[in-house]
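Novice: Handing you this structure, nothing more for now.
The values are calculated or read from the model by the stated rules, or taken from the named source; none is laboratory data. Here the structure is a predicted model, which is why all the values come from computation and not from measurement. Cβ placement follows ideal geometry from the backbone for every residue including glycine, while neighbour counts extend to all protein chains displayed. Protein only, heavy atoms only, side chains kept; ligands, DNA and RNA dropped before computing areas. Shrake-Rupley method; radii C 1.70, N 1.55, O 1.52, S 1.80 Å.
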Amino acid sequence: MKKEFLLDLKKRLTKAVEENNIQEIEVIKSIVNMPKELAIYFSKGLTGYPSVDKVWLKYYKEGAENLANNIPVEKTVWDVIEEKLLEFYDVPALEYFGKVFSKQEFIDLCYTWAKTFRAIGIEENEIVPIYGPFVPDICAMFFALNMIGACPYFLKLAMSQKALEEETRAAKIAIVFDEMWPNVALEFEKDKFKNVIVATAWANMPSPKKQIVSFLSKIQSMKDKSKIPDYKKYIWVDQAKKMAEYYTGEVKVPFVKNRDAVITSSSGTTGGLVKGVVATNESIISQMYSTTYSDIPYKKGYRTLNHFPPTASTSLNSLFLVALMNGATVIIDPRVSEKDFYNQLVKLKPNICINTSSMWEAFFNRITQEMQQGKKFNFEYAKGWMVGGEGTNIKSFEKWNNIMHNCGANGIYGGYGLSETFSGISIDRVDIEHNYSKPIASVGLIQAGMIAGVFDKDGNELSYNQRGELRVRAKSQMKGYYNKSELTNQILVDGWVKTGDIVEIDENGFLYVWGRANDSLKLSDGKELYLFDVENKIRENDFIHDVVVLPMPTEENDNNLVAHIVWEANVLESEKEDYIEKMNEKLDDFLPNEVEVSAYAVHDLMLPYSPTTLKKDKNKMSKQTSGYIQVKGGKMHNIEFTLNQDGKYSSKCVIISNNKVKSLIRK
């Protein structure tokens, strides 16, 4: 059937269900040969299509969708935020290592940077690359560039030299964080940059911390031989801000429709390729309104922890713009280690925080250990601690919620978003009982003002509780990828954003993200086996806490897999052999004959995660070639893999008996 005809049928079906027109429903059913699983929803007043029914709206306040879509006309992001800063004038704007910025101090800082940029000669529509974490000066720079009609490009911190050169080709002015200078020195020293502004961690700190950190930073740069050249084109922030005194002209420029307002970095939706995601004033403000009217747990005076770099749209939107829009104070602390995250939550006591499941796993592991030693925690201040960025297995999610409840908090939220929609697509609710019947945790309800549907490979929309690719239609969707029109056209199709994620939406509007569509094996019969399904089959064993399954093609089998596992804490060493055999039996029944999990790598406490993305480090695990085990015929094997010239692995197995090498087998 033609797409236009199907869309017309959907409209007819929607109207027929609303009017309870049984005759019309029967006619449409006969035309499309509607399956029984879709027809059962008619009696509930639903069409069976999530994108049409928008069942998630029943949980929001009446009129939430209209409020989310009714964004201000002809206003920039700064226009909206400045109004809100003045509205919540009595609440601090930022906290930074003990220094508190009042609303007026932050507004003044934003205007200072706008005048500085004018004095330096930054023009409307100019792209300004920024390489570094969030510090107060960079927060203000974002708004200052927005005021003057320029566009900051927050470069991904792990960007290659080649990508850095391509993405900064059109830039004349750049901004770099001093401690990250070695990463960009080769590119930023080139003559194409008229000026490079050097931001620092210490510039906005209170005294004497400012002087101490400044001294230590200079000592470290000399040790690392990473000192920024003492040339005229390099302007340190304190010098740059003095230039504002010499600019006396107009600062703000008139609103221009569909102007590029910010470029964030992404590598997820298109399978690891780093690219810039362009957002306009309209799309950013739309996301701010959608998040706000989807009952995100913000209140005037709440304190929000933001320790992510501004390269991530979650950092810019949910933890910065939406916070300021709703009268919250943003705690800026760019440190992201496990120890720092623990101290930030326990000592700074933020009401709102978002982090990956890997970081929450590390946090709750430590909390559990300390509670067992008699330490008590009170997390009543935790009003919106959220998991995002990667999936969470239901065992961990249930455990974390139990800890939160025992420590006086309502619970922990789930959430989901993309850079391509400037962050949020769904957000969880703690006032509704969680569904623990699935192996994965829900990431919440689709946000107000957004339309979401689940589609098969042929582009047909599926019904509730059916798996397919998530597509989203929203005013917040990106303008496109920066200088990558062909890639843009692959992701933006017929007004939808193709997420590349395999999901399902239940009849209450809750979203469940199973994993990436490309996280799969192609079988000989043309079908696909999703690796996350193999992981969830392994997680069914009550002795397994967590798992990641990865391809390890061998000379004998292109569809060979390995599993990286974490045992549950109560598993004894003497039980592990039997448990591995039980896993093998379960997998033999589940997997096609051509697929085998040939080995297991055991990790203590939790799976390894990347220090830059803070997500499970599949790249690192995929390169692991030793330290695997397997049990066959009641004998424990230590397995090592060797990569050959064809990109496939051969393996050798050492048979262990009573913790001693018994014999060596080569495959």
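Novice: If I filter the range 15-42 down to residues being part of a helix (DSSP H, G or I) and closer than 17 Å to residue 509 by Cα, which single residue comes out as modelled with the highest pLDDT?
Specialist: Going residue by residue through the range 15-42, those that are part of a helix (DSSP H, G or I) are 15-19, 22-32, 36-39, 42.
Cutting the leftovers down to closer than 17 Å to residue 509 by Cα gives us 37-38, 42.
On the way: 37: 67, 38: 67, 42: 73.
Once the filter is applied, the top-ranked residue is 42.
Novice: Quick check on my filter: what residues within the range 505-523 are among the small types (Gly, Ala, Ser) and either within 12 Å of residue 445 (Cα to Cα) or more than 18 Å from the chain's Cα centre (by Cα) (or both)? Can you show your working first?
Specialist: Narrowing the range 505-523 to residues among the small types (Gly, Ala, Ser): 509, 515, 517, 520.
Answer for the range 505-523, where residues must be among the small types (Gly, Ala, Ser) and either within 12 Å of residue 445 (Cα to Cα) or more than 18 Å from the chain's Cα centre (by Cα) (or both): 509, 520.
Novice: Would a scan of the range 387-394 turn up a residue that is in a helix (DSSP H, G or I) and closer than 29 Å to residue 533 by Cβ?
Specialist: First pass over the range 387-394, keeping only residues in a helix (DSSP H, G or I): 394.
Applying the additional criterion that residues be closer than 29 Å to residue 533 by Cβ yields 394.
Checked against the condition, which is being in a helix (DSSP H, G or I) and closer than 29 Å to residue 533 by Cβ, the range 387-394 yields at least one hit.
Novice: Which pairs do you get when a residue that is modelled with pLDDT under 70, found in the range 208-225, comes within reach of a residue that is open to solvent by 100 Å² or more (accessible area, probe 1.4 Å), reach meaning Cβ atoms under 9 angstrom, with the pair 6+ apart or on two chains?
Specialist: That search, which allows pairs on different chains as well, returns 221/179; 221/227.
Novice: Out of (1) open to solvent by 40 Å² or more (accessible area, probe 1.4 Å); (2) in a helix (DSSP H, G or I); (3) closer than 20 Å to residue 320 by Cβ; (4) of a type outside the set (Asp, Glu), what's the single condition that is false for residue 243?
Specialist: Failing condition for residue 243: (3).
Novice: Sort out for me the strands (runs of 3 or more DSSP E) sitting completely within the range 99-193 that have 3 or more residues that are open to solvent by less than 20 Å² (accessible area, probe 1.4 Å) and of a type outside the set (Lys, Arg). Spell out how you get there, then give the answer.
Specialist: Numbers: elements: 99-101, 127-131, 151-154, 173-177.
So the answer is 127-131, 151-154, 173-177.
Novice: Being open to solvent by 20 Å² or more (accessible area, probe 1.4 Å), part of a loop (DSSP other than H, G, I, E, B) and in contact (Cβ under 8 Å) with a residue 40 or more places away in the chain is the filter here; which residues of the range 559-603 pass it?
Specialist: 592, 594
Novice: Out of 525, 533, 542, which single residue is of a type outside the set (A, V, I, L, M, F, W, C), over 26 Å from residue 52 (Cβ atoms) and in a helix (DSSP H, G or I)? Before the answer, list the steps.
Specialist: Values: 525 fails: in a helix (DSSP H, G or I); 542 fails: in a helix (DSSP H, G or I).
Of 525, 533, 542, the one residue that is of a type outside the set (A, V, I, L, M, F, W, C), over 26 Å from residue 52 (Cβ atoms) and in a helix (DSSP H, G or I) is 533.
Novice: Mind checking which residues of the range 490-513 are at positive phi, touching a residue at least 60 places away in the same chain (Cβ under 8 Å) and open to solvent by 20 Å² or more (accessible area, probe 1.4 Å)?
Specialist: Restricting attention to the range 490-513, the residues satisfying the condition of being at positive phi are 494-495, 500, 509.
Okay, now just the ones that are also touching a residue at least 60 places away in the same chain (Cβ under 8 Å), so 494, 500, 509.
Hit for the range 490-513 is 494, nothing else.
Novice: Now, a different point. Can you confirm whether the range 442-462 contains a residue that is within 25 Å of residue 346 (Cβ to Cβ), open to solvent by less than 20 Å² (accessible area, probe 1.4 Å), assigned to a loop (DSSP other than H, G, I, E, B) and in contact with a His (Cβ under 8 Å, 6 or more places away or on another chain)? Working first, answer last.
Specialist: Let us first name the residues in the range 442-462 that are within 25 Å of residue 346 (Cβ to Cβ), namely none.
No - not one qualifying residue is present in the range 442-462.
Novice: Considering each residue of the range 604-626, count those that are farther than 23 Å from residue 640 by Cα, open to solvent by less than 70 Å² (accessible area, probe 1.4 Å) and of a type outside the set (Ser, Thr, Tyr), and give that number.
Specialist: Restricting attention to the range 604-626, the residues satisfying the condition of being farther than 23 Å from residue 640 by Cα are 610-615.
Now restrict to residues that are open to solvent by less than 70 Å² (accessible area, probe 1.4 Å): 610, 613-614.
Filter once more, keeping what is of a type outside the set (Ser, Thr, Tyr): 614.
Number satisfying all stated conditions: 1.
Novice: Okay, moving on. Taking the condition within 20 Å of the chain's Cα centre (by Cα) and loosely packed, with under 15 Cβ neighbours inside 10 Å, does residue 333 pass? First the steps, then the outcome.
Specialist: Working: within 20 Å of the chain's Cα centre (by Cα): yes; loosely packed, with under 15 Cβ neighbours inside 10 Å: no.
Taking the combined requirement at face value, the residue does not satisfy it.
Novice: Kindly provide the set of residues from the range 573-631 that are hydrophobic (A, V, I, L, M, F, W, C) and touching a His at 6+ places or on another chain (Cβ under 9 Å), ordered by number.
Specialist: Listed by number, the residues that qualify are 599, 601, 602, 605, 606, 607, 621, 629, 631.
Novice: With respect to residue 383, is the statement that it is at pLDDT 95 or above and either open to solvent by less than 10 Å² (accessible area, probe 1.4 Å) or not hydroxyl-bearing (Ser, Thr, Tyr) (or both) true?
Specialist: Details: at pLDDT 95 or above: yes; either open to solvent by less than 10 Å² (accessible area, probe 1.4 Å) or not hydroxyl-bearing (Ser, Thr, Tyr) (or both): yes.
Yes, satisfied.
Novice: Mind counting the residues in the range 281-309 that are in a strand (DSSP E or B) and open to solvent by 10 Å² or more (accessible area, probe 1.4 Å)? Let's see the steps before the verdict.
Specialist: Of the range 281-309, the ones in a strand (DSSP E or B) are 303-306.
Adding the requirement that they be open to solvent by 10 Å² or more (accessible area, probe 1.4 Å) leaves 303.
Looking only at that region, the number is 1.
Novice: Follow-up. With the checklist (1) touching a residue at least 60 places away in the same chain (Cβ under 8 Å); (2) among the aromatic types (Phe, Trp, Tyr); (3) within 28 Å of residue 203 (Cα to Cα) in hand, flag the one item residue 236 doesn't pass.
Specialist: Here residue 236 clears every test but (1).
Residues are listed down the side, and each one gets a yes or a no for (1) closer than 26 Å to residue 102 by Cβ; (2) without any contact (Cβ under 8 Å) to a residue 12 or more places away in the chain; (3) not hydroxyl-bearing (Ser, Thr, Tyr):
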residue: 248; (1), (2), (3): yes, yes, no
residue: 251; (1), (2), (3): yes, no, yes
residue: 254; (1), (2), (3): no, yes, yes
residue: 283; (1), (2), (3): no, no, no
residue: 286; (1), (2), (3): no, no, no
residue: 313; (1), (2), (3): no, no, no
residue: 317; (1), (2), (3): yes, no, yes
residue: 324; (1), (2), (3): yes, no, yes
residue: 331; (1), (2), (3): yes, no, yes
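Residue-wise test of (1) without any contact (Cβ under 8 Å) to a residue 24 or more places away in the chain; (2) acidic (Asp, Glu); (3) within 18 Å of residue 243 (Cα to Cα).
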site	(1), (2), (3)
123	no, yes, yes
151	no, no, no
154	no, no, no
162	yes, no, no
185	no, no, no
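Novice: Can you find even one residue in the range 644-662 that is out of contact with any strand residue (DSSP E or B) (no Cβ under 9 Å at 6 or more places or on another chain) and at pLDDT 80 or above?
Specialist: No; the residues of the range 644-662 include none that is out of contact with any strand residue (DSSP E or B) (no Cβ under 9 Å at 6 or more places or on another chain) and at pLDDT 80 or above.
Novice: So, of the residues in the range 405-437 that are open to solvent by less than 30 Å² (accessible area, probe 1.4 Å) and assigned to a helix (DSSP H, G or I), which turns out to be nearest to residue 393 (Cα to Cα)?
Specialist: Here the residue is 419.
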